[in-house]
Structures are given as C-alpha cells and as structure tokens.
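Here is the structure we will look at, set down as structure tokens.
The values are calculated or read from the model by the stated rules, or taken from the named source; none is laboratory data. Keep in mind that this is a model prediction, so the values were computed, not measured. Don't worry about glycine lacking a Cβ; one is built from the backbone with ideal geometry, like all the others, and counts go over all protein chains shown.
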C-alpha cells in the first residue's frame, strides 16, 4: 500500500515519518524492487537480522540464499537449511506451491580449519549468483565474509554489488560497523537500515552513507529506543523511524 494510506505517528518529530513495525514491513514491500541493494548497520543485539527476517518473505524476488555461520533463530522460519551449495538437484528450484524460494546455507564451524571449507562454499555461492536473475543474497554478518583475517571475500561481494542490478538481483548486507561494508555498496545501495550508535566516527560514516547531515542522524539517534531503526529510502530521498513494535 502507498505511504499515504499508512498511519504516521507524530512523536513530535516533524522532519521525518514514524512507522510501526507492521507499517514498515508493508511499505518496504510496496517500494522494494528486484535489483535494489540493502544495508543494515548496527551494534549486536539490536534486532537487525530479526527485522530483515520479517521483510524478506514479502519482497518481490524469485528466490533467496541466506548464508551465515551456524543456525540463527531469527531466520529459522525462512525456508530450508542446507549444508551444501550449489543444490545437487536442480528440481528444488521449481516449486509452484511456494511464491518465493528461500534456502539457508548455515554451516557450523566445529574446528578452526572448517573456515577454509566454509569460505570455499561461500565463494561458490557468490560465483553462482552471477548467473541468477531476480535473486537475493543475504549475508547476516558481513564482517565474517569481508574481513581479510577471516574469509576475505570482500572483493567478490563488491563485484556482485556492481553487476547484479542489471539482472534484477540483489545483495542484502548486515554488519555491525561501516568498515565491513565494501566501498561500492555505499554508492550502489538503495535502502539503509540504521540502528543507534553513539560512536562519533561511526555516526559520521553512517550519515555519509545515508546522505543525511550528521546532526540529523545524531538527533534521531538520541530519541531512539534500543530496538528502533532508521529506514532510509535513498531513491525517494525519504527517511523514517521504525518503532520496535
């Protein structure tokens, strides 16, 4: 539904809209188009993965691949968890009884050397995505993927971000701090979800990515509760406070 049909709460904040969680899910699904990238940035425990797990099933996409280390309860309601990639049987992609295919590759490292195997699988996922139109790849913790001391796949993620939009596919990223986001993403992203952070350096980086004055971001952060977020629709040049419920 269009935003004009939503209830916008006043909360004495005239410069931006305030949406309940349910209103945000509806409005995001209405605005979102395949090929749009998303970044969620915020400290651990603020509800980043939970919020994305709520909006992901409602977005227009043929299929979704979620990759993270271990089982995440916030994503348990989404699709099947598998331990290999690519799928051994292609017929799993043809399921007319479900509107959107979601598969979770959530391998659990049992020992340090498991990271090498999981890195190889994630590299395969990233390569596999190049040929897939109208798909979404979601990384719930991008630091593990991009950190040179861990999987060191930042270059591969950046390549996808720069090339997928023409195919109508998307990359969704979840990170604790801006430094884990590939530089291309900061120019290519269409949607931002930001959680309160009192670190001045981080706040400046967030304001640069969002295209908002740092004082505006600071003012919004000061009024936000623990699990509330700022949604920035960069294409529409609009931003909203998303309540925790």
Residue that is farthest from residue 231 (Cα to Cα), among those in the stretch 197-216 that are assigned to a loop (DSSP other than H, G, I, E, B) and free of Cβ contacts under 8 Å to residues at least 40 places away in the same chain: 199
Among (1) buried (at least 16 other Cβ atoms within 10 Å of the Cβ); (2) touching a helix residue (DSSP H, G or I) at 6+ places or on another chain (Cβ under 7 Å); (3) in a helix (DSSP H, G or I), the one test that residue 125 misses: (2)
Criterion: part of a helix (DSSP H, G or I) and either over 14 Å from the mean Cα position of the chain (by Cα) or crowded, with 20+ Cβ neighbours inside 10 Å (or both) - qualifying residue of 149, 132, 179, 235: 179
Residues of the stretch 64-73 satisfying the condition of being closer than 26 Å to residue 242 by Cα and either crowded, with 16+ Cβ neighbours inside 10 Å or in contact (Cβ under 8 Å) with a residue 60 or more places away in the chain (or both): 64, 65, 66, 67, 68, 72
Odd one out for residue 245 among (1) within 25 Å of residue 78 (Cα to Cα); (2) assigned to a helix (DSSP H, G or I): (2)
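Pick out the one residue from 243, 194 that is in contact (Cβ under 8 Å) with a residue 24 or more places away in the chain, touching a helix residue (DSSP H, G or I) at 6+ places or on another chain (Cβ under 7 Å) and under 29 Å from residue 129 (Cα atoms).
Among 243, 194, only 194 is in contact (Cβ under 8 Å) with a residue 24 or more places away in the chain, touching a helix residue (DSSP H, G or I) at 6+ places or on another chain (Cβ under 7 Å) and under 29 Å from residue 129 (Cα atoms).
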Residue that is farthest from the chain's Cα centre (by Cα) [pool: residues in the stretch 31-78 that are within 22 Å of residue 211 (Cβ to Cβ) and assigned to a helix (DSSP H, G or I)]: 31
Output for the stretch 197-216, where each listed residue is under 17 Å from residue 183 (Cβ atoms) and surrounded by 13 or more Cβ atoms within 10 Å (Cβ to Cβ): 202, 204, 205, 206, 207, 208, 209, 210
Among the candidates 43, 99, 57, residue that is under 29 Å from residue 232 (Cβ atoms), modelled with pLDDT of 85 or more and surrounded by fewer than 16 Cβ atoms within 10 Å (Cβ to Cβ): 43
Residues of the stretch 217-232 that turn out to be closer than 21 Å to residue 179 by Cα and either exposed (fewer than 13 other Cβ atoms within 10 Å of the Cβ) or touching a residue at least 24 places away in the same chain (Cβ under 8 Å) (or both), as a count: 5
